[in-house]
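The structure under discussion appears below in the form of structure tokens.
Readers should treat all values here as calculations from the given coordinates under stated rules, not as data from a laboratory. Given the structure is predicted, the values throughout are model-derived calculations rather than measurements. Here Cβ is always computed from backbone atoms with ideal geometry, including for glycine, and neighbour counts include all displayed protein chains.
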Amino acid sequence: MSLAPPEPARTTGTVAATTNGGAGTPPGRRATPRPGRARPGRRRLLTRDSVPYLLIMPAVLGFAIFKAYPIAASFWISLTTGNGDARQFTGLANYRRLIDDPLFWTALKNTALILVVQVPLMLGLALLVALGLNSTKVWLRPLWRLGVFVPSLTGLVAAGVMFSVILNRDAGLLNWVLSFFGIDPVNWLGSPFWARVGVVLVITWHYTGYNAVMYLAGLQGIPKELYEAAMVDGAGPVRRFFSITLPQMRPILLLTVVLSTIGTLQLFDEPYVLTGGGPDNATLTVTMYLYNNGFKYFDFGYASALAYALALIVSVLGILQVRLMGERR
Amino acid sequence: MKSRGPLLTLLLAGAFGLCVGPFYWLAMAATQDDKDVFSWPPKLLPGGHLMENLQGLQESIGLTRVLFNTVLVAGLQTIGAVVVSVLAGYAFAKFDFRGRNLFFVLLLSTLVIPDTVMLIPIFQMMMDLGLIDSYESVILPGLVTPFGIFLMRQALRSMPDELLDAARVDGAGELRVLWRIVIPVNRPIIAALALFVFLGGWNQFVWPLIALRSPEMYTLPVATATLQGLSTTNYAQVLLASAIAAIPVMALFLILQRQFISGLLAGATKE
């Protein structure tokens, strides 16, 4: 943060405190216009002091309007019932209703189930793919890396539509492929159990490559000397993986675990397109239930309470994961 | 140990097939007659009905208009979000000012809050402003991306201060420093950010689904989803719409994969 002509500037010392609030101002920072040092930049509107505020202005405005205000307003709405002019403050009524709502618990259970199965499955696969892509013994590595990343570029709707046909029971591609292995057609989207499996399959297909590429970056960032030293000490591949690779990868593993958890808890698009939440609400997720309440039944109060319940769950899980994985360094 | 190479290669080729195979099938299915989409075994060679399906899409969803909407929305969102992110990222990376850390933490903390929390107030805001069913309603909420600002801050921090100071000593104003030095030096990462934002804008679904009402305002994902919801769904057409949604993005990726990957890595590995 050092600036070009710092020394003469700081000799005028007194002004630094008045313009910058003094404390925390790093040395070398020009404080305020000084007489007798007129430069071409001086006459401009954008002085060194006003510039950062002008730079962040668009971000601050957008943040206030589209993040801060909605977050606060949503909480207020969650304490009201009714719509438009008929909206009334009803305190925690929506939250009480939520606790007694079996459909909310179904949605939460579905979401949790998908989370518990899908995130470890996907991240495990991603790590395996990354280890493969990192091996110098593999031919055509760039091609495979390209291919596994491609699904994560697809929009959720396009992927959902595509898989709604691929998973078709009577004529879908997947059942056709399975038939070569002597497996009878599976009713992927028609039975509660297999519909969940189908949703898990599609999300895993969608995001595994993305995580694999992130892991690959992590793997390539591990200093080679660590492995060399371990090999000198006689550590085998398994030992090297658990004693070097995994610990070194902890920050990036943490990042992917937290991001995947947040993403899965907010799952909406895939089940919306694939199953519409069915059959028998087996793939109804919290966000889908929120969407139904807000934008099908226009019950904004209840939908907002659902949103806040979800935000609470996401934050608690996120903090828990950071605690569990982050502190053991 | 040497024998592991071919085996690993084979496994990765398998993973590649699982990832890319569905797209191949999609491209083929989009050229079939509707009744052949659900034929057993699946058709894995091109059919002769591409033009017919395109025409069908033009009639059912107004394909050209929908594509125009999608390009417009994603394009404007990209320009806006990149400008906002570069400006703010530069300020956070290279200036000390009061409230810097506070605002940065506030900004990042919204990453943890599900977007769904914001849906209803933003919807009401847009209703009150009479903006529902307009391009603005879809574009505006996407202009501030905490991820983008974070990415730019990370990237610009690693720029040597001497470079900026040299320009200032030469009498360049702050805007000129930004335009002539910061942006050119960081063009690759800015391109990566632009790609990510464009991808997000091109594929976004939930908010446009809520904000857009009339079919001629729909973006491609929304139009595709409504098309699929019909009881008389023409699946060849729906699949063609999905393919059209996927193809430009993939082409873009193939052309600019270096930027894509470096952007992903910058976001993942720095700090």
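Between A:Leu254 and B:Met159, the modelled labels are 2.9 nm apart [label points 7 Å from Cα along Cα→Cβ].
Annotation: amide H-H contacts under 5 Å for A:Thr80 (H modelled 1.01 Å from N, sequence separation of 5 or more, or interchain): A:Thr90. Summing +1 for each Lys or Arg and -1 for each Asp or Glu, what net charge is found among the other residues whose Cβ lies under 14 Å from the Cβ of A:Val213? With Lys, Arg at +1 and Asp, Glu at -1, the neighbours total +3. When only Cα pairs below 8 angstrom with a gap of at least 6 residues are kept, chain B shows a relative contact order of 30 percent. Start at zero, step by 10 Å, and the Cα-Cα distances of segment A:79-222 spread as 10, 25, 27, 20, 12, 5, 1 percent across the bins. Helix B:4-29 sits at what angle to the longest principal axis of chain B, using alpha carbons and giving 0 to 90 degrees rounded to 10? On a 0 to 90 degree scale, this one is about 70. With 31 Å as the limit, the listed pairs A:Lys137/B:Lys43; A:Lys67/A:Lys296; A:Lys109/B:Lys35; A:Lys224/B:Lys94 have A:Lys137/B:Lys43; A:Lys109/B:Lys35; A:Lys224/B:Lys94 beyond it between alpha carbons.
Using θ = phi - 60° in the Karplus curve 6.51 cos²θ - 1.76 cosθ + 1.60, the 3J(HN,Hα) couplings for segment A:209-219 round to x, 4, 5, 4, 5, 4, 5, 4, 4, x, 4 Hz; x is entered for Gly and Pro.
Taking label positions 7 Å along the Cα-Cβ direction at both B:Ala27 and A:Val316, the computed distance is 4.8 nm, reported to one decimal.
Summing charges over neighbours of A:Ala195, with a neighbour being any other residue whose Cβ is under 12 Å away from its Cβ, gives 0 when K and R count +1 and D and E count -1. Overall dimensions of the protein assembly as shown, expressed as equivalent-ellipsoid semi-axes from the Cα gyration tensor (√(5λ), whole Å, largest first), are 43, 32, 25. Scaling the Cα radius of gyration of chain B by the globular reference 2.2 N^0.38 Å produces a ratio of 1.23. Taking a ≥ b ≥ c as the square roots of the eigenvalues of the Cα gyration tensor, segment A:164-313 is oblate, since a/c reaches 1.5 or more and a/b is not larger than b/c. Here segment B:188-243 and segment B:1-43 have alpha carbon centers that stand 24 Å from each other. At an R0 of 30 angstrom, the distance between the Cβ atoms of A:Ala68 and A:Lys109 translates into a FRET efficiency of 0.40. Between the beta carbons of B:Val169 and B:Asp96, assuming R0 = 30 Å, the FRET efficiency works out to 0.95 to the nearest 0.05.
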